[in-house]
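What follows draws every value from the coordinates through simple rules; no lab data is involved. The shown structure was predicted, so the numbers you read here are calculated from the model rather than taken from an experiment. Counting neighbours? That spans all protein chains shown, and the Cβs are built from the backbone with ideal geometry, glycine included.
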Amino acid sequence: MVVVLVGAIIVIAAQILDQKLHYTSTDVVPGPIVPGTQYPDEAFTGIDVPQPIDFSHKIHAGDNEINCMFCHTYARRSKVSGIPPLSKCMGCHTVIATEKPEIQKLTAMWEKGESPQWNKVHDLPDFVHFTHQRHLKRFLFDNQELDVSDAKRVCSMCHGDIAEMTVAKKSRPLTMGFCIRCHEANEGPSDCTKCHK
Amino acid sequence: MNQSKLDRRQFLKGLGLGGAGVALAGCDLPSYVTLEQGEENVISYLAPNEYVIPGVGVWYASTCVGCSAGCGIHGRVREGRVLKLEGNPDSGVNMGRLCQMGQAALQHHFNPDRIANPMVRKNGALVEASWDEAIALINEKSKSGKAAWVTGTISGHQRVMAQTHLGAIGGSRHYAVEQINANVWKTACKDIINDPNPEIHLEKAKVIFSLGADFLGTFISPVHFAASYAEFRTPPRGTLIQAEPAMSLTGGNADHWVGIKPGSETALALGVANALMNNHGVAGNGISNATKTLINKHDPETVAGICAVPVGRIEKIAASLAANSPSLVLAGGSATGNANGYSAAAAALMLNQMLGNIGTTITAGRELAYPQLDLVEGNSANLKDLAIDANEGKIDVLFVSGANPLFLAPKSLKMLEGWNKVGFKVVLSSMLDETAEAADVVLPLASSLEDWGSHIPSYAKGTRNLALQQPLMEPVFPNTRGFGDVVLALAKDAGAPGLDDYDDYYGYLRSAISALKKTDSEKEWNGFLMAGQTQIPSLGRKLSYSDGKITPTMNDSDDGNLTLIASARMGMWDGRGANLPWLQESPDQISKVVWDSWAELHPKTAKSLGIKDGDYINIKSASGEVTTRAFIYKGIHPGAIAVPIGRGHSALGRYAKDNGVNPLSILNGASDSKTGEIATTATKVSVKSAGKNKQMAKLMEIDRQHGRKLVATISADKQRRTEGGA
Amino acid sequence: MSSLFGNILKGWTDYTKGIEEGGHHEYEHMWGMVIDLDKCTGCNACSVACYAENNIATVGEEKYVARQSMQWLRVERYFDEPDIDPGAIDDENAMQERGASFLPMMCQQCNAATCEPVCPVAATYHTPDGLNAQIYNRCIGSRYCANNCPYRLRVFNFYSYTDENGAWPEPMKQQLNPDISVREKGVMEKCTFCIQRINAAKDKAKMENRQVTEGEVKTACQQTCPTQAIMFGDLLNPESKVTQAWVRQQIKLGKYKQDRENPTLRGYRIFEELNTDPSVLYLERVREE
């Protein structure tokens, strides 16, 4: 009898826990909202990761409202969004803000033909297969309610409000649970091999 | 007491359900800061091409240089690294397919034992030096005497370059050395049917009778022939009969495998010819009377005595050949690897003539309109010449690339003694093999996936192509240089005319091919590179037939010793594959042994010698001995012992060194009387147990299916009844 | 309560279905293979291609003897032919009169896989693609699955091969395929039918709003095979070459005993009688008697 009770408690507790982790349509969806999606809340702002150049996302994506995909051009064509090539930076910065010390660092690297060694902020484990391309298609390009200029809102689902950050921080947990809940809410694939390679 | 009501099944069910919830919760543990964050670097591109996308592989065409077949390859390049090779479907050589050696070329490219920097011999030891120093030393010494080049099979513009350099330094001789070749067959074809490289149509044959020619493994162009073999096996299905003393990969696929006494292949061919003429009414058009007399002397009974093959089997081969036309008779491998090898090839061609195959399954090939680009096909006769010339002091300066003469030459040739008499030896190599270790200057070469080049495939059907090789990635070892670049620079330094316009080999190659194709448009050049090949003009040949000299005599004293067969294998090849772990761990097709050499013995022989499977045995010839483990099976003639070529390196790298034995080293130095090819199946050895036993690393510990339906086999008749073709 | 359990019991009826009723999955694809043993020459190109594609570690002689080799695709070789020449091998003094028999064995991707139910952590399971998937980071290395596989086609990482003395000393590491994991010590692994290629093709098809087409996915072994003895494709696609071959051979999934109109056809599945329901169809080898 005791075992039956303990077992039942475990099962019920697990079920309640499980249900708590699943968002139903009545849940309040916080943060930047992509129409037609469900979105779990995380209130974490991340830790600082030092970078060779103090690149400010706020100036670019926030103040100047440059589309994320202008620089992260690979995101819609590949599994990785990629760091923009130096030539892209120099496309503007041969004329814009050339007097700033961080830009001068950049120019010096360009002239030497060196690329900066950025420190990876959003790094998934090596056994995870994640593709930007598919997610962008699902939430941005195939989404009737969003214009391509709203890319920021899709990106921030996993990357947080990057446009308000200077150097990017990892503000979402990017754990399996984080992924799964979004997949469940948006009817993404639930097959293990879809993400585990 | 109440607990007993919960049976085990329910209990597990409860746990299982709970487990599912807990497991899901476990995925959500608050690991906001993962260990990975900020730990790895991402380095952005500087100014990438439009088609370079991180995370997306791009396929580039190139050419495999693993053997002289010249298969077209596609290399998958991602983030600047080449990750996988596949066949180029547009290549007429391999139609998109690759053999294991082609697949493993990646491990040569990324090999940890590649030479990173030039080396120069100082006070008896090789020490690292700068390119300038090494080149200066070569320029100083290279005109100081009679110079020569040693290469493997070489073709295209690399050949032109090497010969230009040789001319500029006043050298004369170019030794093309290749242990695994079809020189005897090709020489016989040239003499007898007037075409050294005829087209061989396996797919048209209804019966293939192969005297040792391992066309699926090591004969001329194995991937191409494997593709033709697949067609040959499509209903109505052809029959493959293979006669050889030790089972090759092709033998392993034979419908009928005839284990014959080493060196008796010519006699077998004559016996079959005799049965064809006398029992099956084959006329023998075009066969000379002298040959017919010889055939008449070889009735099946006599031949049965020579070859140790039952009369019935000889009759059966003849009957099969007579009943199914067209057929195809080939000779190579072990059949041509003895002092009478040429006779075996001549006899095979004679059978083809008798059976009317010349013009049907053997047709005329095409000759390049630019003979200066054609293959200089390596052979082992050149290896012998090299040893003799070096010993006689005819060589003062030697350039070596793409060949490893110190590994390949039998001790009886005294190659090392000759080598030491050569005043100045330069080796261009990407690996520190036996030859490079003994050089005065070692120049580190780029791998085949980092280099430019053009190649003529050793075998082609229909039109002839120039196969192009292009770098698939930046050099793994930055201080290495391409073969063409090095030789171009050396030739320029030596004052070769007409090269001043070219800064590098790429420039030379591009301008040469543009001239060849009479175009210098960027677009067309890119088209050639994307295709990995470009067609070049060729001229048709015409076949004729005149009997070759067939001498069936075997110089065989039956002294109770065994005949050593140094067998060639796809995989290790001539030893170049030995430092690639994929190939070391890829089981041999027949013995299934990995990571070591082995000696094949017939159970009868093993029993009489008191040897068990896995015993170390001592194999001793007049010129040396090797010790390796016995592999006992029935795919070998009881009078033979077979040891595969390719292992037994004393250098080359961590995987190859001190791994296995090299049977070539103990060959007695006999060679084919016509072509001078070193005989690989003509050395007598004594064999005794070395008194140790250790379990061999091999894939199959059992050879039998024990009634399980693993590889099911049905008879060809049954297949014809169900799938047609009868 | 019922709503509480609804989530977990959802799909239970599907789960209890037998394989002959379509199993517990709504299959998207059913990847299958056909291997023509009459064309296979046993050359081993497939095996090496598999090493190259799938980051398989080489282990060296000692571990190979200890049966710790990692090959996902092995080419077996037998010398007897029980079906057409049962007694041929028995005479000790005779020579082989025929060649050998070669058998490329990769994971048979059984649809009633014996490895799946024994996994204590559900690291191996059946995917909606009809594959036996192995989730490496979930695997705890109990090795129950390998013990339960009648084909002996699962291999275990008894060691870590990633250090400098392992399978990929610098710069060999650079060859590793980033599309699939490098497995660590204590993890079971096996042939995946090149799932990374399947997933890439599916992603591409979805990007282009279409289905994966026949011939779009080629496994590494199939691609390299010099005789093209290996065919691969989707058994749910009636147009695919594999489906046609299965139909032609009158072999059906979900059976442990085939009821064929023409029993002389060459198709068979290895150990079908164990009801593992493998997805690999072999065509009998043919030899002249």
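Students often forget the sequence filter, so: which aspartates and glutamates lie under 16 Å Cα-Cα from residue B:692 once same-chain residues fewer than 8 apart are removed?
Output for residue B:692: B:596, B:613, B:615.
In the structure shown, do any of B:394/B:425; B:206/B:316; B:607/B:688; B:316/B:549 have a Cα-Cα gap over 23 Å, and if so which?
Distance filter (> 23 Å) returns B:316/B:549.
Decide, for the protein assembly as shown, between rounded, prolate and oblate: order the square roots of the alpha carbon gyration tensor eigenvalues as a ≥ b ≥ c, take rounded if a/c falls under 1.5, and otherwise choose prolate if a/b is larger than b/c, else oblate.
Because a/c hits 1.5 or more and a/b fails to exceed b/c, the protein assembly as shown counts as oblate.
Over chain B, what is the relative contact order in whole percent, taking alpha-carbon pairs under 8 Å and six or more residues apart?
Relative contact order here is 18 percent.
Nearest 5 is fine: what % of DSSP beta bridges in the range B:184-365 come out antiparallel, could you say?
In the range B:184-365, DSSP labels about 10 percent of beta bridges as antiparallel.
Counting partner chain Cβ atoms within 10 Å of every residue's Cβ in B:252-265, what's the average?
4
Dipole of the range B:562-693, Cα-centred, from +1 at each Lys and Arg C-beta and -1 at each Asp and Glu C-beta, to the nearest 20 debye?
The dipole of the range B:562-693 has a size of about 280 debye.
Counting other beta carbons within 10 Å of each residue's own, what order do C:191, C:43 fall into, fewest first?
Taking fewest neighbouring Cβ atoms as first place, the list is C:191, C:43.
Residue B:54: net charge of surrounding residues, Cβ under 15 Å, Lys/Arg +1, Asp/Glu -1, itself excluded?
With Lys, Arg at +1 and Asp, Glu at -1, the neighbours total +3.
If you take every residue apart from residue B:693 with its C-beta less than 12 Å away from the C-beta of residue B:693, what net charge results, scoring Lys and Arg +1 and Asp and Glu -1?
+2
Going by how many other beta carbons lie within 10 Å of each one, how would you line up B:320, B:144, fewest first?
So the residues, fewest neighbours to most, are B:144, B:320.
If a/c stays under 1.5 just call it rounded; otherwise compare a/b with b/c (prolate if a/b is bigger, oblate if not). Do that for the range B:184-365, with a ≥ b ≥ c from the square roots of the Cα gyration tensor eigenvalues.
Since a/c stays below 1.5, the shape of the range B:184-365 is classed as rounded.
If you add up the charges near residue B:394, with Lys and Arg at +1 and Asp and Glu at -1, over every other residue whose beta carbon is less than 15 angstrom from its beta carbon, what do you get?
+1
Determine the percent antiparallel among the DSSP beta bridges restricted to the range B:562-693, to the nearest 5.
Counting DSSP beta bridges with both partners in the range B:562-693, the antiparallel share is about 60 percent.
Could you sort the peptides A:168-176, B:184-192, A:94-102 by per-residue average Cβ neighbour count (10 Å cutoff), highest mean leading?
Order by mean packing, descending: B:184-192, A:168-176, A:94-102.
Evaluate 2.2 N^0.38 Å with N set to the residue count of the range C:31-102, then give the Cα radius of gyration divided by it.
1.43
Checking the a/c ratio against 1.5 first, then a/b against b/c, what shape does the Cα gyration tensor give for the range B:562-693?
The shape class here is oblate.
Could you go through the range B:360-367 in sequence order and give the Karplus-derived ³J(HN,Hα) for each residue, using 6.51 cos²θ - 1.76 cosθ + 1.60 with θ = phi - 60°, rounded to whole Hz, and x for Gly and Pro?
Per-residue couplings from phi come out as 10, 9, 10, 10, 5, x, 10, 9 Hz.
Kindly work out what percent of the DSSP beta bridges joining two residues of the protein assembly as shown are antiparallel, to the nearest 5.
60
Could you work out, residue by residue across B:93-100, how many beta carbons of other chains sit within 10 Å of that residue's beta carbon, and then give the average as an integer?
The per-residue average across the peptide is 5.
Between the DSSP loop rule and a limit of at most 14 other Cβ atoms within 10 Å, which chymotrypsin sites (Phe, Trp or Tyr not before Pro) in the range C:245-289 are left?
Hits after loop and neighbour filter: nothing returned.
What 222 nm value per residue comes from the helices of the protein assembly as shown, counting each DSSP H run with n ≥ 4 as -39,500 (n - 2.57) and dividing by all residues, nearest 500 deg cm²/dmol?
That calculation yields -8000 deg cm²/dmol at 222 nm.
Considering only C:124, C:41, C:276, give the residue with the highest GNM mean-square fluctuation for chain C, with springs between Cα atoms whenever their separation is below 10 Å.
Its mean-square fluctuation being the largest, the pick is C:41.
With θ set to phi - 60° and the Karplus curve 6.51 cos²θ - 1.76 cosθ + 1.60, what are the ³J(HN,Hα) couplings of the range C:148-156 in order, to the nearest whole Hz, using x for Gly and Pro?
8, 7, x, 9, 6, 10, 10, 10, 10
Compute the relative contact order of the range B:184-365 as a whole-number percentage, counting only Cα pairs closer than 8 Å that sit 6 or more residues apart in sequence.
34
Provide A:164, B:140 in ascending order of the number of other Cβ atoms located within 10 Å of each residue's Cβ, fewest first.
If I rank by nearby Cβ atoms, fewest first, I get B:140, A:164.
Please compare each pair in A:197/C:202; A:194/C:206; B:141/B:411; B:612/B:698; A:194/C:202 to a cut-off of 18 Å on the Cα-Cα distance and tell me which ones are over it.
B:141/B:411
Hey, can you grab everything whose amide H is under 5 Å from the amide H of residue B:154? Only 5+ residues off in sequence or another chain; H modelled, so Pro and N-termini drop out.
Residues meeting the amide H criterion: B:376, B:378.
Show me the ranking of peptides B:674-686, B:95-107, B:616-628 by mean Cβ neighbours inside 10 Å, starting with the highest.
Averaged packing, sorted descending, gives the order B:95-107, B:674-686, B:616-628.
On average, how many beta carbons from a partner chain sit within 10 Å of the beta carbon of a residue in C:70-81?
Per residue, the average neighbour count from other chains is 6.
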